[in-house]
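Where a number appears in this text, it was derived from the coordinates with a stated rule and is not lab data. On a predicted model such as this, the values are computed, not experimentally measured, just so you know. Backbone-built Cβ (ideal geometry, glycine too); neighbour counts: all protein chains shown.
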Amino acid sequence: MFYELYLRSFCDGNGDGIGDFIGAERKLDYLANLGIEGIWLLPILHSPSYHGYSVIDFFSVNPIYGTLKDLRNFLASAHKLDLKVILDLPMNHTSPNHEWFLKALNGEKPYRDWYLFLKDEQWLKARRHWDGEQVWTNYSGQWVYTLFGPGSPDLNYESSSLWQQMKEVLTFWLSVGFDGFRFDAAKHIFDFSLEKGICEYQHSRNIAFWKEMTAHCRSISPNSIFVSEVWDDAQIVDLYSAIFGIGFNFPLAEDLKTSVATRDPELLVKSLRTDLNRSFRSKRSYESGVFLTNHDMSRLVSVMDGDEKLSLLAMSVLLSLPGVPFFYYGEELGMEGVYNTYFNEEQLEPFLWFENGYGPGQTEWKALGKNHPHSGRSLEAQKAVDGSYFERFRAILEFRKNNSWLRLATMRGLKRRENLVILRVVGESRSAYIYHNLGKRRVALEDVSNLQIINGSL
Ligand code: ACG
């Protein structure tokens with residue numbers, strides 16, 4: 001199990017209201033006690049943006065988070081607790097303030113080749129695949145390809161010197177002590193066709209790129225962990241996951257949430273059936289990164305319209321599935337947040353340690369949209385009562401911790417009976433039937449021998 005951590009909002013170690021390495025190091029015990037095995041650290045490289053995905057220096061940490069030494073200490077302490085830490089690395093683009101980009105605008109080599117400058121006016125017609133946004137930005141008279149908007153000009157991997165440069169970046173962060181990477185925007189390395197002048201994924205070239213990058217990492221650190229972020233249909237997710245070893249299962253995340261929210265197992269069953277029919281069946285070439293929410297999505301309780309029981313039901317279905325589960329910081333408290341394409345701050349709010357909103361380590365870098373003090377949601381308040389959301393969430397985590405064999409298990413059977421979803425999961429030395437009741441009514445099971453029942457009726 002991995003915990004997705006947004007450092008700025010987690011724990012403040014120096015009293016400036018911004019989460020940092022020193023603060024997070026102090027909370028490693030809290031994380032280890034949740035039963036997780038690893039941390040996915042959202043971008044911490046030097047960047048002017050609050051989300052950190054537009055980097056201005058690939059070889060330094062964001063000074064608001066501390067020093068490289070603080071980071072090394074954080075990593076060493078995490079390792080002492082047997083926690084792996086993977087770094088979210090956005091290699092597809094930089095900040096427009098990056099020195100490379102400023103030099104590229106000046107026409108300096110090799111940097112000029114590291115970005116894609118407009119060569120044909122027709123290219124301006126290109127639109128982003130999923131929402132029709134324009135993909136070119138004019139910087140003082142020069143048009144540059146910017147798939148994710150003006151704040152992040154794309155790097156142009158047609159240039160082999162850039163491949164070399166990025167290998168140095170990977171070497172550096174592995175030497176700092178990271179156990180691997182969550183590779184951001186993995187399908188976007190080559191996503192503009194120079195021949196056609198349109199946005200078009202070139203999956204085979206992307207795969208070749210990632211094969212070389214991951215092989216480079218493995219040559220330095222053979223047990224490196226890689227997770228691919230490819231938000232796409234199942235067969236595309238598969239393509240990349242086979243290279244990385246773990247791939248986020250985006251289709252499952254959406255289908256599982258919709259099924260639980262509507263209490264209709266259809267989509268979940270469809271999605272699981274796709275998984276069942278894929279490589280999970282016999283020879284596994286990779287593990288599925290199963291999750292419900294991340295920083296690009298609304299938080300779980302918000303998706304379930306405030307219904308805590310449904311949120312916990314979704315979580316318990318998730319943690320009964322084979323693969324490597326990931327969950328987003330603050331989900332264990334039931335924090336809320338609704339995704340907004342242009343400004344995703346609401347899902348990045350300060351972790352609520354204290355009920356009055358103040359206390360050692362509490363971050364307060366932004367005005368709160370959803371998660372307010374005195375809401376009963378803080379860790380402090382929830383620890384003080386029996387049967388809190390946190391306690392029930394933890395019980396589900398505990399279940400998974402005690403059934404870690406599920407990670408490498410294989411789904412061998414899947415059935416739907418009205419609102420029941422029945423899975424047969426087989427591991428090396430154990431197997432189980434798992435029943436999930438998505439309906440409102442209790443369901444009597446005739447033969448309960450050899451059954452492990454995870455969800456009763458609500
Ligand atoms: C990553 C990070 C994100 C970050 C960036 C850029 C990339 O997690 O925080 O933004 O560094 C696309 C990309 C992803 C990207 C998200 C935000 N995430 O592929 O890499 O955008 C469709 C598309 C997807 C698209 C998704 C977005 O196919 O490519 O993701 O829509 O909604 C079905 C379909 C599936 C479809 C979904 C949803 O499931 O099968 O194809 O996905 O429906 O419709 C950060 C900031 C940004 C900033 C940027 C520079 O968050 O604000 O602009 O950095």
Fewest Cβ neighbours within 10 Å first, please rank 335, 91 accordingly.
91, 335
Just tell me which lysines come within less than 27 Å, Cα to Cα, of residue 119; anything on the same chain fewer than 8 places away is out.
103, 109, 187, 196
In what sequence do 301, 169 fall when counting other Cβ within 10 Å, fewest first?
169, 301
About its Cα centre, the chain carries a charge dipole, from +1 on Lys and Arg Cβ atoms and -1 on Asp and Glu Cβ atoms, whose size in debye to the nearest 20 is 1420
Computed over the chain, the convex hull of the Cα set has an average projected area, in nm², of 22.2
Amide H neighbours of residue 410 under 5 Å, at least 5 residues apart or on other chains, H built in the peptide plane: list them.
426, 427
Residue order, fewest to most surrounding Cβ atoms within 10 angstrom, among 311, 47
47, 311
Just order 56-62, 383-389, 133-139 by mean Cβ neighbour count inside 10 Å, highest at the front, would you?
56-62, 133-139, 383-389
Which one, 271, 385, 354, is farthest towards the positive end of the dipole of region 245-385 when Lys and Arg carry +1 and Asp and Glu -1 on their Cβ?
271
Options 368, 330, 202, ranked by Cα towards positive dipole end of the chain, top entry (Cβ charges)
202
Compute, for region 322-420, the length of the dipole vector about the Cα centre, with Cβ point charges of +1 (Lys, Arg) and -1 (Asp, Glu) only. Units Debye, rounded to 20.
800
From DSSP H assignment alone, runs of 4+ in the chain each adding -39500 (n - 2.57), the sum over residues rounded to the nearest 500 puts [θ] at 222 nm at -9000 deg cm²/dmol
Charged-residue dipole, Cβ positions (Lys, Arg, Asp, Glu), region 61-135 about Cα centre, Debye nearest 20:
180
Restraint check, 270/415; 84/401; 27/401; 257/415; 211/401, Cα-Cα greater than 22 Å
211/401
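Select from the chain the helices, each a whole stretch of DSSP H, whose alpha-carbon atoms run 30 Å or more along the helix axis and whose Kyte-Doolittle mean is at least 1.0; answer none if there are none.
Answer set is empty.
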